[in-house]
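**Student:** The structure follows.
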Amino acid sequence: MAAPRKLSMKQRYAALTRDLDWDLSYVDEDKAYPYTSFEGIKIHDWSKWEDPFRLTIDAYMKYQAEKDKRLYAVLDSFAQGQGHLQLTDPSYLNAMKLFLQGVTPLEYQAHRNFAYLARFLNGPGPRFAALCQSQDELRHAQTEIHTLSNYNKYYQGMHSWQHQHDRVWYLSVPKSYFDDAVTAGPFEFLIAIGFSFEYLLTNLLFVPFMSGASFNGDLPTMTFGFSAQSDESRHMTLGLEAIKFMLEQDPDNVPIVQAWIDKWFWRGYRLLALVSQMLDYMLPRKVMSWKEAFELYFEEQMLGGLFPDLAYYGITPPRHVEHAIAEKEVLSHQVYWTLYQFSFAAGFTTTIPSEDAQKWLAEQYPQTFEKLYKPLWGKAAAVVDNGGRYFYQGLPQLCQVCQVPMLFTEPGDPTTICQRHTEFEGERYDFCSDGCQWIFEREPEKYVQAWLPVHQIYQGNCGGPTVPDVLAWYKLQPGDNGEIAGNLEQTAWETWHATSSAEEQAPAPVAGN
Amino acid sequence: MAVRSIGEYKFPSRSRQELYGDDQLVHLWWKGNLWFCAAACFRAPKAMSWNDFVGGMVNPLFSCDPEFDAATTTFTWTVDDKPISPAGDESLEALGVGHKSLITCVAA
């Protein structure tokens, strides 16, 4: 008998995702897949799910292994060659600390929830796509940790990121964002993470971090970025397939999906407030301004490219998008001004932008920087000249939904803080914007449970009543937080550069990490 | 609209007043002064007098602004958008300050 012909990759994919599936005979379908009906999404034919990549496990593993090999070769040579001394400045790593503390734990959360989808979606096609994404996300979490662990030997702020993700005030922003997504049903999660995060906003998150790495001498992170890029394009395709699949299955799905787009655009956009300041303030060598990135990756690519396509299904651009567009002139400045005042309680450091940096900011933001923000930095510099450093002597009011301090201003009035509130069951709740207020009023029962860091400190749940108590509970070590100038990291850097040029001496790791 | 869920979905607020005993959360906003990036949140006794609030909470915070002078800077005040004219001895509660109220001041 002739040996069976080897199947093509397409045939293997079909065999894996379709032929290995079977019709249930011992249990009802709704018992085996109990979570795909309560959200109100109607699916008539799961086989209509199209996975344009048609990956099989063996092909997937082969690609990923090759990418890992390349990444770890770069990491090894970087570590052996003291590559960290090639950074533009150690303050660049503030961006990476934020990434490690804020984003890496989200990769792991994504891994977990896609694994859940890989079990609980009814169709074999979407289950297999979710399985691949689940493995990608786990790989991303691991490779990010390995990439940045090189720096942990020499620099502050990277030693307790997992612990801090669950505790520190600004990290409750990404954490609560993802908690919101994973506690939703499977279809809302697909729109929240698969579509809004991985498609609508992904370029605004990843391109700034990875380009920032390449502009600032961070070869490992840049290599990680390349290694993740092909996965990310698969995730974008999955997100787009998910939304099209839902919209095509039943017209009743359209208003449900629209409301999720409205909610998750604003949730994601508020999370990206942290990225905006990273681009405009944290990077020693600038890549592009937040305003430029927003115009290119969101206004042009999404509002100009994606939404006209989705209009075919009756989908309109997200609610409150006009506020995000108007905010591009002020967002990053307001956020970094806030981080400057509160960095005594952060796992990164801040400083007054240099003269050159302020000149760049004025060029990028001709309508706002010199008028509104330069005077504030001038006043902060005068405090420094008098031997002080401005830190906010208190705790800020937080938004109940996004959990960012209520620092954003009224649409059209950049000098007045936006204050919104809603009463629900006799209690008052505060919001930073119309977008967050709208999200709360849709599902107040969900957001009344918010673990707001400021309120938790006042309830005595964060290590004690004083600032040092709370910082100890955050596991912040000396040099992790506060001002950049004169910081442990900065002085170590200067010593390393002085000694390595004089004696070619390798730097000693900083104690405590 | 209520949360769509797989079962009953009812949880208490994680910031409800009873968690603070005889105290409550109070927000303080110096409107129009961008030196302070956001309004502040304090935990204050309901029975705290206005003078104690100003001396113990308002002034220490506002003193971060080098242009602020507790002796000469004067303000007009509102509580949740209602004007108040505090004399000094009234309690926060008597001035209409409730849990998570917003006390706003504008420099005169």
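**Student:** Tally Lys/Arg at +1 and Asp/Glu at -1 over every other residue whose Cβ is under 12 Å from the Cβ of B:K31; what's the total?
**Tutor:** Summing Lys and Arg as +1 and Asp and Glu as -1 gives -3.
**Student:** About its Cα centre, how strong a charge dipole does region A:40-155 have in debye, to the nearest 20, once Lys and Arg get +1 and Asp and Glu get -1 at the Cβ?
**Tutor:** Numbers: 13 positive and 12 negative charges, 44 e Å.
That gives a dipole near 220 debye.
**Student:** P(r) for region A:56-503, please, calculated from all Cα pair distances in 20 Å bins and given in %.
**Tutor:** Calculated P(r), rounded to whole percents: 24, 59, 16, 0.
**Student:** For chain A, the longest stretch holding no chymotrypsin sites (Phe, Trp or Tyr not before Pro) located in a DSSP loop with at most 13 other Cβ atoms within 10 Å is which?
**Tutor:** Numbers: sites that count: A:W22, A:Y26.
Answer - A:27-513.
**Student:** Have a look at A:T415, A:Y177, A:H497 and report the one farthest towards the positive end of the charge dipole of region A:56-503, computed about the Cα centre with Cβ charges (Lys/Arg +1, Asp/Glu -1).
**Tutor:** A:H497
**Student:** Between B:D81 and A:V254, what is the label-to-label distance in nm when each label sits 7 Å out along the Cα-to-Cβ direction?
**Tutor:** The answer from the label model is 3.7 nm.
**Student:** Now for a separate question. Defining a contact as two alpha carbons under 8 Å apart and six or more residues distant in sequence, what relative contact order in percent does chain A show?
**Tutor:** So the answer I get is 17 percent.
**Student:** Once both labels are modelled 7 Å past Cα along the beta-carbon direction, what's the B:A94-A:N461 spacing in nm?
**Tutor:** Rounded to a tenth, the inter-label distance reads 3.4 nm.
**Student:** Calculate the FRET efficiency for A:A14 and A:R70 from the Cβ-Cβ distance with a Förster distance of 30 Å, rounded to the nearest 0.05.
**Tutor:** Efficiency, from the Cβ-Cβ distance: 0.45.
**Student:** Next up: Compute the signed sum of charges (Lys and Arg +1, Asp and Glu -1) over the other residues within less than 13 Å, Cβ to Cβ, of B:I84.
**Tutor:** -3
**Student:** Here is a follow-up. Subtracting the Cα-Cα distance from 0.36 nm times the residue separation, let me have the gained length for A:V182 to A:D89 in nm, one decimal.
**Tutor:** 29.8 nm
**Student:** Binned at 5 Å from 0, what are the whole-percent values of the Cα-Cα distance distribution for region A:390-495, short to long?
**Tutor:** Spelled out bin by bin, region A:390-495 gives 2, 11, 15, 16, 15, 13, 13, 7, 4, 2, 1, 0 percent.
**Student:** Straight-line reach only, C-alpha to C-alpha below 18 angstrom: list the lysines that A:K291 could link to, leaving out same-chain residues fewer than 8 apart.
**Tutor:** A:K328, A:K359, A:K371, A:K374
**Student:** What does the charge dipole of region A:56-503 about its Cα centre add up to, to the nearest 20 debye, if the Cβ of each Lys and Arg holds +1 and the Cβ of each Asp and Glu holds -1?
**Tutor:** Working: 32 positive and 52 negative charges, 144 e Å.
Its charge dipole is roughly 700 debye.
**Student:** Given 4 °C and 1.567 mPa s, compute D for region B:21-107 with the Stokes-Einstein relation, Rh being the Kirkwood radius over Cα pairs; round to the nearest whole µm²/s.
**Tutor:** Roughly 99 µm²/s, to the nearest whole number.
**Student:** For a Förster distance of 22 Å, can you work out the FRET efficiency between the beta-carbons of B:K10 and A:A32, rounded to the nearest 0.05?
**Tutor:** Efficiency for this residue pair is about 0.20.
**Student:** Rank A:A311, A:Y390, A:A357 by how far each Cα sits towards the positive end of the charge dipole of region A:275-413 (+1 on Lys, Arg Cβ; -1 on Asp, Glu Cβ) and give me just the farthest.
**Tutor:** Selected residue: A:Y390.
**Student:** Excluding same-chain residues fewer than 8 positions from A:K175, which lysines have a Cα within less than 18 Å of its Cα?
**Tutor:** Leaving aside lysines fewer than 8 places away in the same chain, those within reach of A:K175 are A:K97, A:K263, A:K446, A:K475.
**Student:** Would you calculate the separation in nanometres between label points at A:K6 and B:S63, each defined as 7 Å from the Cα along the Cα-to-beta-carbon direction?
**Tutor:** Going from the A:K6 label point to the B:S63 one covers 7.9 nm.
**Student:** Using DSSP loop states and a limit of at most 16 other Cβ atoms within 10 Å to flag GluC sites (Glu not before Pro), what is the longest stretch of chain A containing no flagged site?
**Tutor:** No qualifying site falls inside A:51-424, the longest such stretch.
**Student:** For A:V401, enumerate residues with amide H under 5 Å from its amide H, sequence gap 5+ or separate chain, H modeled in the peptide plane.
**Tutor:** For A:V401, whose amide H was placed from the backbone, the distant partners under 5 Å are A:C432.
**Student:** Within region B:5-104, list the GluC sites (Glu not before Pro) lying in a DSSP loop whose Cβ has at most 11 other Cβ atoms in a 10 Å radius.
**Tutor:** B:E8, B:E67
**Student:** Moving on. Run the numbers on chain B and let me know its relative contact order in percent, using alpha-carbon pairs under 8 Å that are six or more apart.
**Tutor:** Rounded, it is 34 percent for chain B.
**Student:** Additional query: Work out, step by step, the length gained on full extension between A:V383 and A:L296: first 0.36 nm times the residue separation, then minus their alpha carbon distance; give nm to one decimal.
**Tutor:** Here the segment from A:V383 to A:L296 would lengthen by 27.5 nm.
**Student:** Calculate the FRET efficiency for A:E445 and A:A59 from the Cβ-Cβ distance with a Förster distance of 41 Å, rounded to the nearest 0.05.
**Tutor:** 0.40
**Student:** Let me ask something else about it. Let me know the charge dipole size of region B:21-107 about its Cα centre in debye, to the nearest 20, where only the beta-carbon of Lys, Arg (+1) and Asp, Glu (-1) is charged.
**Tutor:** Here region B:21-107 has a charge dipole of around 220 debye.
**Student:** To continue, here is another question. Farthest toward the dipole's positive end in region A:8-89, which of A:A59, A:Q82, A:A32, given Cβ charges of +1 (Lys, Arg) and -1 (Asp, Glu) about the Cα centre?
**Tutor:** Of A:A59, A:Q82, A:A32, it is A:Q82.
Since every read-out is calculated from the coordinates, none of them should be taken as a lab result. Computed from a predicted model, the values in this text were never measured in an experiment. A quick note on method: Cβ atoms are made from the backbone with ideal geometry, for glycine too, and the neighbour counts reach across all protein chains shown.
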